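Handing you a structure now.
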Amino acid sequence: MLSVGERYDDIPYRIEGKRLLANVQEARLRYIFRSEDESTWDVPLVNVAEVTMQAKLAYAVTGSASLRDCLTQEAAFLLQQAKSINGQEDPPERLDGFPTLASRL
């Protein structure tokens with residue numbers, strides 16, 4: 001999936017081969033890739049997938065609803081952790097060029 005510009009920008013663009021064509025100086029891009037190759041997944045995502053599968057199979061295999069519920073809660077917690085780890089991968093943006101900020105340092 002590809003989105004060009006900010007949420008409400010109306011930037012006309014065209015893709016030719018491997019190139020994005022747009023009549024703007026700068027285009028903000030957001031690209032989401034669906035990775036179906038599990039060997040490229042991060043470790044936290046693999047952990048979430050494993051525990052989610054365990055939770056879905058728990059009742060059918062063991063007949064224990066409490067085990068299923070426990071694993072479902074663990075999967076939700078691991079998903080939350082994986083999202084927070086993934087959100088920290090990009091370095092934070094620096095704020096430069098603000099005289100009031102520079103005067104405080």
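The values are calculated or read from the model by the stated rules, or taken from the named source; none is laboratory data. None of the values given here were measured: they were computed from a predicted structure. Cβ coordinates were reconstructed from backbone atoms using ideal geometry, including for glycine residues, and neighbour counts include every protein chain displayed. When the accessible area is computed, the model is the full protein with side chains, heavy atoms only, and any ligands, DNA or RNA have been set aside. Shrake-Rupley method; radii C 1.70, N 1.55, O 1.52, S 1.80 Å.
Using the beta-carbon distance between Gln73 and Asp9 and R0 = 35 Å, what value does 1/(1 + (r/R0)^6) give for FRET efficiency, to the nearest 0.05?
0.30
Write down the accessible area per residue of the stretch 1-86 in Å², having rolled a 1.4 Å probe over the full set of protein chains.
Result: 88 Å² of accessible area for each residue.
Further question: Work out, step by step, the length gained on full extension between Ser66 and Arg28: first 0.36 nm times the residue separation, then minus their alpha carbon distance; give nm to one decimal.
9.0 nm
For Val46 and Ser84 in the same chain, what is the full-extension length gain: residue separation times 0.36 nm, less their Cα-Cα distance, in nm?
Working it through step by step, the gained length comes to 12.2 nm.
If you don't mind, another one. So for Leu71, Leu57, what's the accessible-area order with a 1.4 Å probe, most first?
Ranking Leu71, Leu57 by accessible area, largest first, yields Leu57, Leu71.
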